Amino acid sequence: MEVAGRHVVVTGGAGGIGRALIRRFAQEGARAIVAADRDLAGAQTVAAEAGALAVELDAGRESSVLALVAEATAAHGPIDIFISNAGVPGAMGGPEAPDDVWDEAWRVNVMAHVWAARALLPEMLERGDGYLINTASAAGLLTQVSSLVYSVTKHAAVSLAEWMAIEYGERGVRVSCICPQGVRTPMLDLAMDDPAGAAALTSGGLIEPEDVADAVVAGIRDERMLILPHENVAGFMALKGSDPERWLKGMRRMVRTARS
Ligand code: NAD
């Protein structure tokens, strides 16, 4: 699919990857763009630059995702491309993270994508046209050693995209999942506090949000399910798939070395 002439909605659009996507979609000639975020002032700034509509969103509540879909549709007609990009880092560490942190990560990193699909699929399937994209992470294909919450919820986001790509792919609804490693945004800072997290995130080199936007436009054009802005991630996936025990040993060694 080409972005030109399309109606695109991006959540988490106030900063980081979402802002870069919105700027890039404007350059590509999208017909209409919606920037949604819980940070309304930030979304308004990005929207003003890109000639987009800003909408306040709490991606962790279904009613708010539904209201976003309704407002965008009322303003510009059916949504062609919905990018569920808002995400939260969860907590550092393992299962000791409190339930409210797990709950927020499940809602924003997973259920927001489910709620968007639930709202949009009937109309997209009827039209035989549409594109659902979520931003997961390389953590959803490999792991993010600094955060169990983040790794688990991002794996769920990848699984959701895979399932939908199989189920709806031949009925006109394309599905993609964006899986970057380290991208220079405010979210990166938390994981970089843990030396092991930093080692994992930088193993493929840090890239800019604009590099992710380039990869996303190319991925949409090719209608590729997995959008991998870092080249090395496919190689790490291949190693994990072909020899999981060797991959685990390598990961343990990396964590040990980084923390020693
Ligand atoms: P960011 O912190 O710059 O942007 C995240 C945006 O999501 C913010 O504007 C924030 O206000 C918004 N947001 C958070 N919770 C929300 C909610 N409940 N409702 C509405 N908006 C909400 O970080 P980013 O790096 O641009 O993150 C974008 C996506 O990319 C996330 O899903 C993140 O997990 C993913 N990601 C980031 C990296 C990285 O290294 N930065 C790597 C892989 C994946």
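Numbers for the structure displayed
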{"read-out": "LEU142 vs. criteria assigned to a loop (DSSP other than H, G, I, E, B) and either more than 10 Å from the ligand (Cβ to nearest atom) or open to solvent by 50 Å² or more (accessible area, probe 1.4 Å) (or both)", "value": "yes"}
{"read-out": "In the range 1-17, residue surrounded by the most Cβ atoms within 10 Å (Cβ to Cβ) [restricted to those that are more than 15 Å from the ligand (Cβ to nearest atom) and not acidic (Asp, Glu)]", "value": "VAL8"}
{"read-out": "The range 109-139, residues that are assigned to a loop (DSSP other than H, G, I, E, B) and of a type outside the set (D, E, K, R)", "value": "GLY128, ALA136, SER137"}
{"read-out": "Residues within the range 172-210 that are within 11 Å of the ligand (Cβ to nearest atom), at pLDDT 95 or above and in a helix (DSSP H, G or I), tallied", "value": "1"}
{"read-out": "Of all residues in the range 211-224 being assigned to a helix (DSSP H, G or I) and touching a Ser or Thr at 6+ places or on another chain (Cβ under 9 Å), the one that is farthest from the ligand (Cβ to nearest atom)", "value": "ILE220"}
{"read-out": "Residues within the range 80-116 that are open to solvent by 40 Å² or more (accessible area, probe 1.4 Å) and within 11 Å of the ligand (Cβ to nearest atom), tallied", "value": "4"}
{"read-out": "Close pairs (7 angstrom Cβ cut-off, 6 or more residues apart or separate chains): closer than 20 Å to ILE133 by Cα in the range 201-213, assigned to a helix (DSSP H, G or I) and open to solvent by 60 Å² or more (accessible area, probe 1.4 Å) anywhere", "value": "PRO209/ARG19"}
{"read-out": "Only listed residue being of a type outside the set (Asp, Glu), open to solvent by less than 10 Å² (accessible area, probe 1.4 Å) and closer than 20 Å to LEU66 by Cα, chosen from ALA20, ALA35", "value": "ALA35"}
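The values are calculated or read from the model by the stated rules, or taken from the named source; none is laboratory data. Worth saying up front: this structure is predicted, and the values here are computed from it rather than measured. Methodologically, a virtual Cβ is constructed for each residue, glycine included, from the backbone with ideal geometry; neighbour enumeration extends over all protein chains shown. Side chains are part of the model used for accessible areas, which takes the heavy atoms of the whole protein and leaves out ligands, DNA and RNA. Shrake-Rupley method; radii C 1.70, N 1.55, O 1.52, S 1.80 Å.
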